[in-house]
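Below is one structure, written out as structure tokens; the observations come after it.
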Amino acid sequence: MNISREKFFTAPDGRSAELIKLRSADGSGVDITNFGGCVVSLMVPDKNGSLTDVALGWKKPEDYLTNGCYFGALIGRIPNRIANGRFTFEGRVYQMCLNDNNRCTLHGGFGFSHRWWDIESISGNEVTLRLISPDGDGGFPGKIEVHAVYRWKEDHTLELEISAESDRPAVADFTNHTYFNLDGENYGSTLDHTVKIAADRVTVTDEFLQATGEILDVAGSRFDLRSGKSFRQIISENPSGFDDNFIIGDAYGVFRKNAAVVTAGQSGISMAVHTTAPGIQFYMGGFLNEDGKSRYLKHSGFCLETQNWPNAVNMPCFPSVRIEPGKGYHSISCYAFSTGKDIQ
């Protein structure tokens with residue numbers, strides 16, 4: 001394993017972001033920056049053995065400072081949408097900023113995705129990032145300390161392990177927001193991809209994509225991806241595609257292999273997602289319109305965000321996002337790349 005560490009960009013306040021590159025002997029690997037904990041590039045071999053960058057991102061490193069699309073970012077304290085940006089916890093009402101349609105709090109209100117993470121350690125095949133979030137940060141209760149470990153494995157698997165501890169009862173959940181195009185970030189479309197998601201339920205959302213608390217059985221609906229479906233067929237059934245949470249479990253802690261599997265039409269690259277999280281947000285890039293490393297238009301990339309069920313802070317019937325001293329947060333998610341059929 002080859003590890004390098006270099007300057008990535010300098011912010012207006014003089015702080016420097018770094019880029020850590022984890023590389024296998026075949027050149028495959030991942031580039032991580034400590035600003036936002038972002039995955040900047042992800043190089044994997046295609047069916048011909050050629051290395052392909054399958055992660056969307058920004059051409060100009062300093063664009064990660066704004067990163068309105070959350071390319072590659074670590075998301076916290078709570079990913080996805082909190083309805084009305086408000087919840088009640090321990091008898092107190094907490095109000096966060098409304099950064100999505102002036103209606104809800106999205107991804108912690110530009111939270112951990114736009115923070116300077118400390119590089120705690122780099123060794124072997126991994127880099128560990130650390131962030132301390134004070135009580136009241138972003139409107140959330142409790143001081144928490146978060147550790148995020150990115151590992152690159154020789155079998156072309158990217159593993160992300162996240163843990164968090166709090167000094168008092170608090171709420172926390174985390175995900176990674178990498179956009180993938182398995183035909184290459186510069187390919188321009190994901191419509192030739194196919195997807196399987198091992199979920200028999202989804203969480204229902206309103207017109208603002210806020211979870212309502214209702215649960216839908218996918219059988220007989222367009223949400224049924226258990227047997228696999230092409231992105232092209234999905235778009236033909238609903239032009240906006242998916243931006244929905246698929247339920248793969250009822251609590252954290254069970255490691256579920258092949259919770260989702262996506263295969264590209266041209267490169268032959270497949271990606272399997274294994275995770276301890278109870279949900280996966282499948283977002284098909286319906287809002288993309290950006291000049292990044294390449295020109296990204298609608299459906300140029302997709303996300304599979306492992307997470308708790310959205311808006312759980314307002315839904316007692318959903319898996320809890322509560323953490324407290326001595327009983328923190330822990331999750332593992334793996335993105336396993338292959339050009340064979342062994343993961344399908």
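The values are calculated or read from the model by the stated rules, or taken from the named source; none is laboratory data. What you see is a predicted model; the values in this text were computed from it and never measured. All Cβ positions, even for glycine, are placed from backbone atoms using ideal geometry, and neighbour counts span all protein chains on display.
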*asked:* Among the residues in the stretch 56-64, are any within 21 Å of P134 (Cα to Cα), of a type outside the set (D, E), crowded, with 16+ Cβ neighbours inside 10 Å and in contact with a Gly (Cβ under 8 Å, 6 or more places away or on another chain)?
replied: no
*Can you tell which of G72, G68, G27 is at positive phi, out of contact with any helix residue (DSSP H, G or I) (no Cβ under 8 Å at 6 or more places or on another chain) and surrounded by fewer than 18 Cβ atoms within 10 Å (Cβ to Cβ)?*
G27
*Does E120 meet the test of being modelled with pLDDT of 95 or more, assigned to a loop (DSSP other than H, G, I, E, B), touching a Lys or Arg at 6+ places or on another chain (Cβ under 9 Å) and over 26 Å from P278 (Cβ atoms)?*
no
*Subset of the stretch 232-243 (residues that are on the phi < 0 side of the Ramachandran plot, part of a loop (DSSP other than H, G, I, E, B) and either of a type in the set (A, V, I, L, M, F, W, C) or crowded, with 19+ Cβ neighbours inside 10 Å (or both))*: F242
*Residues of the stretch 186-205 being out of contact with any helix residue (DSSP H, G or I) (no Cβ under 8 Å at 6 or more places or on another chain) and either in contact (Cβ under 8 Å) with a residue 60 or more places away in the chain or crowded, with 19+ Cβ neighbours inside 10 Å (or both), which ones?*
N186, Y187, G188, S189, K196, I197, A198, A199, V202, T203, T205
*Answer yes or no: is there a residue in the stretch 159-169 that is over 26 Å from C104 (Cα atoms), surrounded by 21 or more Cβ atoms within 10 Å (Cβ to Cβ) and of a type outside the set (D, E, K, R).*
yes
_Tell me which strands (runs of 3 or more DSSP E) are completely within the stretch 244-341 and hold 1 or more residues being surrounded by fewer than 17 Cβ atoms within 10 Å (Cβ to Cβ), polar (S, T, N, Q) and at pLDDT 95 or above, or say none if there are none._
256-263
*Scan the stretch 1-11 residue by residue and report those that are surrounded by fewer than 17 Cβ atoms within 10 Å (Cβ to Cβ) and closer than 13 Å to P61 by Cα.*
E6, K7, T10, A11
*Pairs where the first residue, in the stretch 106-121, is under 17 Å from Q281 (Cβ atoms) and the second is basic (K, R), C-beta under 8 Å, 6+ apart*: L106/R81; G108/R77; G111/R77; F112/R77
_What's the number of the only condition in (1) over 15 Å from the mean Cα position of the chain (by Cα); (2) crowded, with 21+ Cβ neighbours inside 10 Å; (3) closer than 28 Å to T205 by Cα that T88 fails to meet?_
(2)
